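Just below is one structure, and these are the notes that go with it.
Derivation of every value follows stated rules applied to the coordinates shown; laboratory data play no part. As the structure is a prediction and not an experimental result, all values here were calculated from the model. Neighbour counts run over all protein chains shown; Cβ positions are idealised from the backbone, glycine included.
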Amino acid sequence: MSNSIEGKKVLIVEDDMIISMVLERMIVKLGNEVINKVSTGEEAISSALNFDPDLILMDIQLKDDIDGITAMEEIRKESDVHVIYITGNSDQYNLSRAKETNYIDYLVKPIQMSHLKKSISKAFSEQATE
């Protein structure tokens, strides 16, 4: 199995429409498909379970009262999908909560293409050794 980072199904969970569009453009440029874009924790959970993505880009602050980490804890009950957190602030509290969900990476906004590419590579390079 090659450790290609292309052709993956990606779910974007981001409450800022501009950032969501920028992320989508990056994902597509890297050769992947965005299967859904949502802005709430509730939608994140249902999309992750319905669409079965290969990767979730998860913002931590979301539009409803379920934040990205709580949403991920719910998703983890059903799925071991790869997750990369995206956040506007990297406080210690959220970082330690995020660790519980077995994430691939924790990126601080603004996200750069090179960082995202590296994180996606990290997500799918371990699989290649299975």
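The distance linking region 21-50 with region 79-121 is 15 Å (Cα centroid to Cα centroid, whole angstrom).
The alpha carbon radius of gyration of region 9-119, expressed as a multiple of 2.2 N^0.38 Å, is 0.94. Counting only helical runs of four or more DSSP H residues, what would the 222 nm mean residue ellipticity of the chain come to if each run contributes -39,500 (n - 2.57) and the total is spread over all its residues? Result for the chain, helices only: -12500 deg cm²/dmol. Our coupling estimate for region 89-104, obtained by passing each phi through the Karplus curve with A = 6.51, B = -1.76, C = 1.60 and θ = phi - 60°, is 9, 9, 6, 4, 4, 5, 4, 6, 5, 4, 4, 4, 9, 6, 7, 7 Hz, Gly and Pro reported as x.
Where in region 81-95 is the amide nitrogen less than 14 Å from a point lying 7 Å along the Cα-to-Cβ axis of residue 46? Nothing falls inside the zone, counting backbone N under 14 Å.
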